[in-house]
Amino acid sequence: MAHAHAIPDGRTERALIYGLALLVGLLSILPLGRLLLEGFAPGGNPSLTAATTTLSADITWRATRNSIETALGGTLIAVLVGGTVAIIVSLTDIRARNAFVFLFVLPLMIPPQITALAWLQVVGPASPMLKMLGLAPPLGTRNPLYSREGIILLLGIQYAPLVFLTLRAGLRSLPRELIEAGLSAGARRLTVLRTIVLPLMTPPLVAGIALAFVSCVGNFGIPAFLGIPGRYPVLTTLIYQRLSGLGPGVLGEVAILSVLIGAIAMSGILLQDFMLRRADYRITTTSIAARPFELRRWRLPVEIGLWTLSLLVVVLPLAGLIITSLVTAYGVPLNAKTATLANYAYVLFDYAAAKRAFVNSFALSAGAALIIVVVAVPLAYFLVWRRSRLLRFLNIAAELPYALPGVVLAIASILIFLKPIPLLGFSIYNTVWIIFFAYVARFLVLGLRPVVSGYHQLDRALEEAAQVAGAGLLRRMVTIILPLVAPAAAAGALLIFLTAFNELTVSALLWSSGAETLGVVVFSLEQGGDSTYASALAVLTLIVTFALMLSTLLLAKRLPQGVLPWRD
């Protein structure tokens, strides 16, 4: 039926596909191409000067080694914690599952720089929380988080929910009969887990490992807060320091550093593909989900362990952050005499940069979410319901800016917009518009994935009926398709807003006076020694984040399963 009436829509469909291809090309292919051009052919003339200078510097390889070490260490912790929790939550009969999942995935929605800031308020000789409890080490003691181990620990905490979500998605589809066959043959539950469950879960586990590794490599917030004071450089902080210290004159060198980060990140993705091609992990049987293992007398101890873990990695640092935001000065214990709301009053009403940052972050996040949804609805329509080489290429291209570290996209954006835009004659460099471009490019896939999931769950009967009645493609999209995928599109928009609202990795390299974002202002306050103000601003941003996450529970029944990470 659909093919019989496809011809009248042919011209409109081709125009839409080519228009979307041009847009995705501008957002994805152009930045990466410009980055490679600057690194290896600046001005259009092939040259290896920048590559030779950068790759012969000792600091480059020191930062590279540190990046790989922290990424591997953070990934190991994330896999051990996230994988263990995923198995327990998915395969056992623990209670209060929804509430636990919501709490456990919170670190994924908290920006890395706020995670680092929160933990710094808990650990160290000046910690107001430790001083209040009388547990603070002597003044002058080095904060243990200013180290390689501190960075690894916080990266592991940050991305354990990522591994949890990836592995849990696979565990949900594990057929019951495979597990019951093993149990009925006399195997113990641990044997079934080792010989049946884990081998079948290799694809999602490997995917989780690759995602965690790439995320750790590209993380800027945690190494910036912990590594810069601790003089432990990684590639992302090295690029930031080079660019902020020497300016656009080092763009060729930082382009090479960005390519180096991209190569490390892509090696993780390529290794994932190689490992999954070596064996066939398809499940030929289908059934309802596996029945949970009964923990019996172990249920309460396991539940206590899980909740204790979440309280330690979520509630403890947030409590430290709140306590610091309420004291008159950093290092002062919280009590009736030192408690104050002056820090909140300052960042809300007196500090001009914070007020601008709130406006900028709201506008940039909401604007990017709106534009991406407008693009994602028609793009997902063609990706799901049409087949062509161009569309397959667009699907991959849309993933690139998010798969690669954000610093790579930031440097590429600077290279594109450093000079006035051809034909238009004006420049968006040093304005909020360059940040807006980077946000739309980076977060396009966050809006696209939920909409694609929404299309996969739709019955095309309504659209085909409208097509038979003579409705054109654009009219069908507006009157039939958009209302049907609106919940999924709204979920994607919310994910984009929450991710962009506190973003730092991209904006740290693109901001300018008057174009600050919340992530940049929190970072600047902490780097300037104003921890109480930084903590107050961080708490305010987290209140907005939590409120929006909780608001989705009101719409839970209308949203496709799996599009929001904090929904069970």
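The values are calculated or read from the model by the stated rules, or taken from the named source; none is laboratory data. These numbers come from a predicted model, not from an experiment. A quick note on method: Cβ atoms are made from the backbone with ideal geometry, for glycine too, and the neighbour counts reach across all protein chains shown.
Just a few scattered comments:
- Residue that is surrounded by the fewest Cβ atoms within 10 Å (Cβ to Cβ), among those in region 30-46 that are of a type in the set (Gly, Ala, Ser) and over 14 Å from residue 251 (Cα atoms): 44
- Unique residue being farther than 26 Å from residue 239 by Cα, at pLDDT 90 or above and surrounded by 19 or more Cβ atoms within 10 Å (Cβ to Cβ) when the list is 542, 494, 518: 542
- Extreme residue, surrounded by the fewest Cβ atoms within 10 Å (Cβ to Cβ), among residues of region 332-357 that are of a type in the set (Gly, Ala, Ser) and out of contact with any Leu (no Cβ under 8 Å at 6 or more places or on another chain): 336
- The residues in region 485-517 that are of a type in the set (Val, Ile, Thr) and in a helix (DSSP H, G or I) can be counted, and the count is 3.
- Within region 108-123, being part of a helix (DSSP H, G or I), modelled with pLDDT under 90 and in contact with a Pro (Cβ under 7 Å, 6 or more places away or on another chain) holds for one residue alone: 108.
- For region 530-538, the condition of being part of a loop (DSSP other than H, G, I, E, B) and on the phi > 0 side of the Ramachandran plot holds for none of the residues.
- All conditions in (1) of a type outside the set (A, V, I, L, M, F, W, C); (2) in contact with a His (Cβ under 8 Å, 6 or more places away or on another chain); (3) on the phi > 0 side of the Ramachandran plot hold for residue 467, with the sole exception of (3).
- Taken over region 56-80, the criterion of being out of contact with any Phe, Trp or Tyr (no Cβ under 8 Å at 6 or more places or on another chain) and surrounded by fewer than 18 Cβ atoms within 10 Å (Cβ to Cβ) is satisfied by 56, 57, 58, 59, 61, 62, 65, 68, 69, 76, 80.
- Selection from region 124-153 of residues that are at pLDDT 90 or above and surrounded by 19 or more Cβ atoms within 10 Å (Cβ to Cβ): 145, 146, 150, 151, 152, 153
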